[in-house]
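Visitor: Please see the structure below; I have some questions.
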Amino acid sequence: MNAVERPQRFAPFGSWYVRLLRNDTQGTGIGPVPESQRDTVIFLLRSMLRSLGEDVLNPNPSVMIALRLAREHNLNKEAELLRELKEAAIRKVQNDEDFSSGLVALYTLALTASCSDPCNVTSNGFTVNLLHLLEEKLSKEIKNFEDKLFPLTNYYQVSLDVLALCVKKRQIPHRSVLTLTDAVMNDTLSHGTGFSVDTGAVAALALRCLIEADYSLIAARIESALQKVIGQIIDNVKGDGIIGNLYSTGLAIQALSTNINLVSLESWNCSKSLQKLLTEIKKGSFGNAQAASQISPSLDGRTYLDVGKLNCAADVDNLTLPELSTSSPPVTERVPIRVQYNITDGLHHTFSYAVNVTVPRGSPLLEVLQEARRADPERFSFKLKMTFWGPSVTSIGGLESDSYNRTYWQFLNGTKLLDQGIGSYQPSNGERILANFTTY
Ligand code: B12
């Protein structure tokens, strides 16, 4: 941490006053992790490289951003991923496939980080202007907000949209910016549960970018919103360095470090958060490439705001990908555990069923759902949709979630929300898992 303590300094914005602010308004305010722990970062980068090509029709732009923001590069793999992203962008537009505003924003950032022009994406003789598309998508988000009081997708994606357009130095309509600042001021950066740290973090990055651009007529509102959202992120800093939960910590580090002049010294210890991430990487908590991609920039002292500042000509091709050893994994005893699984229609109260199932220890929750379905196919049938985070449950017992009514199947352990999906979460013996149909 390179911040210098300077007691009782005025914040740069309006009349806001924050005690014990840091003196670092330049750069990110965080450095990369110590050289001695570099091998853990390399391990994470290699795990992302190994995930490439798993689904060439749906290449992951977030992984591309992470690889480009890293200090080490594997230029062949990055070039391959860039080609896949361009092909996928063109195909999505041509076939009118699902291409949500936030995904377009991530593609825009991924191409920009690769020094490729998102206004002129060409593949197989076709050309698409992603920035133009993003502007249209953002205006649809805002129109939906004006009609229905929430955006078409969510504020995480609206924040990504604003961030990507701002990084590309596009002038964003004031009403779009004000929709985001009002959402912050009105405490609506949530997805059914309380304040979403992930969403707040992306919003803070977007607002920081706007502050550095020219929005003087609405600067005061941007500054107030930024100040507020940074305070909310700080309220979610835990004693062990986690901010929100493990999976929001990387984005939150980016948000706090770019706004380090708004963070009081006693409220956040950056090295503690980074050390916690390093410890969890070693435990295997970031085996999912999407999860890895959201923490990796913070480990290199970089943020999404650096995407537009990369000098691709200076890249060094120094990230090798050694063959993984082919020795078979040790045979572990499949100790059975019992899990109680409940499904409840928490909205219309039409059903609530429970079943006890037995699965091998270490099984993902998905196996519990499969066992329950085997025991009672009618009640416990379910449908999945594949996403970058793994399988997401879209329907249980015939009750389908839908984005129009903003309903979803939420997963809890007793009364505590799970912080992972069914493909990753491993229940323990005697655990009570509840799938609850609710709104966000
Ligand atoms: C918004 C959001 C939701 C919304 C999505 C619907 C919507 N239209 O808004 C709702 C409220 C439904 C939701 C649900 C859940 N979410 Co959520 N969600 C997010 C958030 C804040 C943004 C996602 C987004 O729009 N990304 C941008 C777009 C462009 O990318 P995308 O890949 O197209 O996004 C889609 C998927 O991410 C999917 N999705 C959202 N959450 C999850 C979670 C899992 C496990 C899966 C497989 C898919 C998935 O919905 C997105 C919109 O269609 C992320 C934060 C983050 N850091 O990514 C958390 C996040 C992805 N969610 C998370 C979790 C844990 C969940 C739940 C499992 C919570 C629970 N206990 O029930 C459930 C999923 C349950 C299920 N049915 O399988 C975690 C995942 C961590 C992990 N290691 O797996 C994250 C990272 C938040 C966090 N820090 O804990 N989520």
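The values are calculated or read from the model by the stated rules, or taken from the named source; none is laboratory data. Predicted, not measured: the structure shown is a model, and the values here were computed from it. Cβ placement follows ideal geometry from the backbone for every residue including glycine, while neighbour counts extend to all protein chains displayed. When the accessible area is computed, the model is the full protein with side chains, heavy atoms only, and any ligands, DNA or RNA have been set aside. Shrake-Rupley method; radii C 1.70, N 1.55, O 1.52, S 1.80 Å.
Visitor: Once you measure Cβ to Cβ distances between cysteines in the chain, which Cys have no partner under 4.7 Å?
Guide: Isolated Cys, the chain: Cys119, Cys270.
Visitor: Please give the calculated 222 nm ellipticity per residue for the chain, where each DSSP H segment of at least 4 residues contributes -39500 (n - 2.57) and the sum is spread over every residue; nearest 500 deg cm²/dmol?
Guide: Numbers: 14 runs with 183 residues, N = 440.
It lands at -13000 deg cm²/dmol.
Visitor: Let me ask something else about it. Taking a spot 7 Å from the Cα of Glu136 along the direction of its beta carbon, which residues of the range 377-411 have an amide N less than 19 Å from it?
Guide: none
Visitor: Further question on the same structure: Can you give the accessible area of Tyr156 in Å² (nearest 10), computed on protein heavy atoms with a 1.4 Å probe?
Guide: Only protein atoms counted, so the area is about 50 Å².
Visitor: Right, next: Could you check which residue among Trp389, Trp409, Trp268 shows the biggest mean-square fluctuation in a GNM of the chain with a 10 Å Cα cutoff?
Guide: Between Trp389, Trp409, Trp268, it is Trp389 that shows the largest mean-square fluctuation.
Visitor: Let me ask something else. What does the accessible area of His132 come to, in Å² to the nearest 10, when a probe of 1.4 Å is used?
Guide: Answer for His132: close to 100 Å² accessible.
Visitor: When we measure straight from the Cα of Lys276, which lysines land under 16 angstrom away, once same-chain ones fewer than 8 places off are left out?
Guide: Cross-link targets: Lys238.
Visitor: Using a/c under 1.5 as the rounded threshold, could you call the range 286-373 rounded, prolate or oblate? The axes a ≥ b ≥ c are square roots of the C-alpha gyration tensor eigenvalues, and prolate needs a/b larger than b/c, oblate otherwise. It would help to have the intermediate numbers written out before the result.
Guide: Details: a/c = 4.90, a/b = 1.71, b/c = 2.87.
Judged from the Cα gyration tensor, the range 286-373 comes out oblate (a/c at least 1.5, b/c at or above a/b).
Visitor: Starting from the Cα of Lys169, draw a straight line to each of the lysines and keep only those under 21 Å, dropping any in the same chain fewer than 8 residues away.
Guide: Lys137, Lys140, Lys309
Visitor: If I stretch the segment between Glu212 and Asn356 completely, what's the gain in nm (0.36 nm per residue apart, minus their alpha carbon distance), one decimal?
Guide: Gain in length upon complete extension: 46.3 nm.
Visitor: Taking R0 as 41 Å, what FRET efficiency do you get between Leu178 and Glu333 from their Cβ-Cβ distance, rounded to the nearest 0.05?
Guide: 0.10
Visitor: Please give the Cα centre distance for the range 367-440 versus the range 47-112, rounded to the nearest Å.
Guide: If we compute the Cα centre of each part, the gap is 28 Å.
Visitor: Taking 7 Å along the Cα-to-C-beta vector as the label spot, tell me the Glu378-Ser271 distance in nanometres, rounded to one decimal.
Guide: Calculated label separation equals 6.3 nm.
Visitor: Using θ = phi - 60° and the Karplus form 6.51 cos²θ - 1.76 cosθ + 1.60, what ³J(HN,Hα) does each residue of the range 314-325 get, whole Hz, x for Gly and Pro?
Guide: 8, 4, 10, 8, 10, 10, 7, 10, x, 4, 7, 5
Visitor: Further question: Do you know the relative contact order of the range 336-439, to the nearest whole percent, from alpha carbon pairs under 8 angstrom that are 6+ apart?
Guide: Details: 215 pairs, mean separation 36.3, N = 104.
Relative contact order comes out at 35 percent.
Visitor: Next up: Using a 10 Å Cβ count of at most 12 others and DSSP loop calls, identify the longest part of the chain lacking such trypsin sites (Lys or Arg not before Pro).
Guide: 170-333
Visitor: Which length gain, in nm to one decimal place, applies between Asp98 and Ser36 when the Cα-Cα distance is subtracted from 0.36 nm times their residue separation?
Guide: Values: separation 62, 0.36 × 62 = 22.32 nm, distance 4.32 nm.
Residue separation times 0.36 nm, minus the Cα-Cα distance, leaves 18.0 nm.
Visitor: With an 8 Å cut-off on Cα pairs and a minimum separation of 6 or more residues, tell me the relative contact order of the chain in percent.
Guide: Relative contact order for the chain comes out at 17 percent.
Visitor: For the range 336-439, what is the accessible area per residue in Å², given a 1.4 Å probe and the full set of protein chains?
Guide: Spelled out: the 1.4 Å probe surface of the range 336-439, per residue, equals 53 Å².
Visitor: Report, to the nearest whole %, how much of the accessible area of the chain belongs to carbon and sulfur atoms, 1.4 Å probe, protein only.
Guide: That share works out to 50 percent.
Visitor: Can you figure out the FRET efficiency of Ala79 with Asp240, using R₀ = 45 Å and their beta-carbon distance, to the nearest 0.05? Walk me through the numbers before you get to the answer.
Guide: On the way: r = 39 Å, r/R0 = 0.87.
E between Ala79 and Asp240, to the nearest 0.05, is 0.70.
Visitor: Along the charge dipole of the chain, which of Val33, Thr407, Gly308 sits closest to the positive end, that is, farthest toward it, with unit charges on the beta carbon of Lys, Arg, Asp and Glu (+1, +1, -1, -1)?
Guide: Farthest along the dipole direction, towards plus: Val33.
Visitor: Under 20 Å from a label point 7 Å along Cα→Cβ of Leu324: give me every residue in the range 270-294 with its amide N that close.
Guide: Within reach of a label on Leu324, which here means backbone N under 20 Å from a point 7 Å along Cα→Cβ, the range 270-294 contributes 280-294.
Visitor: Rounded, prolate or oblate: which fits the range 138-203, taking a ≥ b ≥ c as square roots of the Cα gyration tensor eigenvalues, rounded meaning a/c under 1.5, else prolate when a/b beats b/c?
Guide: Values: a/c = 1.87, a/b = 1.27, b/c = 1.48.
Oblate.
Visitor: Taking the Cα centre of each part, how many Å lie between the range 155-172 and the range 227-302?
Guide: Centre-to-centre distance over Cα atoms comes out at 22 Å.
Visitor: Using the Cα centre of the range 193-251 as the reference point, and only Cβ charges (+1 on K/R, -1 on D/E), how large is the resulting charge dipole? Debye, rounded to the nearest 20.
Guide: Numbers: 4 positive and 6 negative charges, 20 e Å.
That gives a dipole near 100 debye.
Visitor: Another question about this same structure. Calculate the dipole size of the range 272-383 relative to its Cα centre from +1 charges on Lys and Arg beta carbons and -1 charges on Asp and Glu beta carbons; express the result in debye to the nearest 20. If you can, show how the numbers build up before the last one.
Guide: Values: 13 positive and 12 negative charges, 78 e Å.
Taking the Cα centre of the range 272-383 as origin, the dipole is about 380 debye.
Visitor: Now for a different question. Using the heavy atoms of the protein chains alone and a 1.4 angstrom probe, what is the accessible area of the range 35-314 per residue in square angstrom?
Guide: Result: 37 Å² per residue.
Visitor: Quick check: from the Cα gyration tensor, does the range 336-439 come out rounded (a/c under 1.5), prolate or oblate?
Guide: Taking the square roots of the gyration eigenvalues as a ≥ b ≥ c, the range 336-439 is prolate.
Visitor: Let me ask something else about it. Not counting ligands, DNA or RNA, and with a 1.4 Å probe, what is Met386's accessible surface area in Å² rounded to the nearest 10?
Guide: Probe radius 1.4 Å; accessible area of Met386 about 140 Å².
Visitor: For the pair Trp389 and Gln171, how long in nm is the line joining their label points, each one 7 Å along Cα→Cβ?
Guide: Between Trp389 and Gln171, the simple spin-label model gives 3.7 nm.
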